[in-house]
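The values are calculated or read from the model by the stated rules, or taken from the named source; none is laboratory data. Quick caveat: nothing in here was measured; it's all calculated off a predicted structure. Every residue, glycine among them, receives a Cβ derived from its backbone with ideal geometry; neighbour counts consider all protein chains shown.
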């Protein structure tokens, strides 16, 4: 993150998101400000609060995509949540503090993966030595007695000749492992059960998920649960399991948790989607707790201490990016205190025909490229002509204008409708080529697009 300037962040977003320059610039500056704050003296650093962002715009114009791409650009904990899944305290639903707990989990996972990668080479060497010992013991058992490899090797002292034979066997096994010549052989190893069957019934009986149990209680229950199990697996699978276990053993989990909590507090980013859905339409109805959700969000966004199973987390410097269509409401309909916590407002533009065509063709993950690559796996060549793509964009734009504007999501519906028959018959059409031009597009969806009732139902 330290070497990514706002221009570089915008350039990275441009690879995947069409248009919406104002939103990209606002997000880029906010992310860069996280780095700038880290360069300040400690006394001033604590006083600099993040400039939270509120993105406004119809559905399907890129709000969520910008957030999703940001999570891959910045090396910081990031979580995307839907405001509609939270409810005011006392109602059924998740409490708003759970978003911070989710952010902590993401941060720990990120940092743990980084640490695992850092010690992977050392873990791989240790795993190979364990694997060599297991394979040599297995070979000696088979050579000496022909007994099952599941039996424990004898403890009798080795003679000098036996030691030399064992050394030769080890060298041969090491050489074979080095060129992956034993990957299909089987070996017996002890593994930790991935699922803890002793903890699984807890959620059924008490309604409390195992992850929500106090750590001490979890340790006690694990101690009285099942031990490591012996499994016969291939050498390739054994290598993977052993590398993972050795890497986990080399990583200091307490240090990971401590650093992960600090990373959340200093660089965490939370994207809250559908914030406008928490605005009540009236005094009564199913959204009665909507304003309560806003009031519960307020202390977290302005700065508070959230308890987690790993320790308390301060939210003062977490960056919050909120978004919503605000088609039925305005930002001023939010409670005043919450409005003031999002000083940067960015309005995203609706997509016109040219924008929809660019979305089909320009990004690295363009829909046209995805569709062509998918059918190529069946040996089918799909030639998407410019006139065909233009017609798809034109129909999507017209249907958005006449019915509900769902932005770029309309393209997916139309493309699937156009290619429905080709996709269905693709396994039997290997080696064939199909040209998608304007005439083909009109043949497939022209009549549907012209009929408002059919458009509402199908497109």
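Overview of results
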| quantity | calculated |
| --- | --- |
| Helices (runs of 4 or more DSSP H) contained in the stretch 1-118 and holding at least 3 residues under 16 Å from the mean Cα position of the chain (by Cα) | 63-73, 98-118 |
| Set 238, 323: member being outside any loop (DSSP other than H, G, I, E, B) and in the same structural domain as residue 25 (by TED's automatic domain parsing) | 323 |
| Hits in the stretch 291-320 (condition: without any contact (Cβ under 8 Å) to a residue 60 or more places away in the chain and either crowded, with 19+ Cβ neighbours inside 10 Å or not assigned by TED's automatic domain parsing to the domain that holds residue 58 (or both)) | 294 |
| Condition met for residue 379 (part of a loop (DSSP other than H, G, I, E, B), touching a helix residue (DSSP H, G or I) at 6+ places or on another chain (Cβ under 9 Å) and at pLDDT 85 or above) | yes |
| Failed item in (1) in contact with a strand residue (DSSP E or B) (Cβ under 7 Å, 6 or more places away or on another chain); (2) assigned to a helix (DSSP H, G or I), with residue 332 passing the rest | (1) |
| Selection within the stretch 427-445 - touching a strand residue (DSSP E or B) at 6+ places or on another chain (Cβ under 9 Å), under 15 Å from residue 388 (Cα atoms) and surrounded by fewer than 16 Cβ atoms within 10 Å (Cβ to Cβ) | 435 |
| Counted residues, the stretch 161-182 - those being in a loop (DSSP other than H, G, I, E, B) and at pLDDT 70 or above | 1 |
| Residue 373 vs. criteria at negative phi, surrounded by 13 or more Cβ atoms within 10 Å (Cβ to Cβ) and not in a loop (DSSP other than H, G, I, E, B) | no |
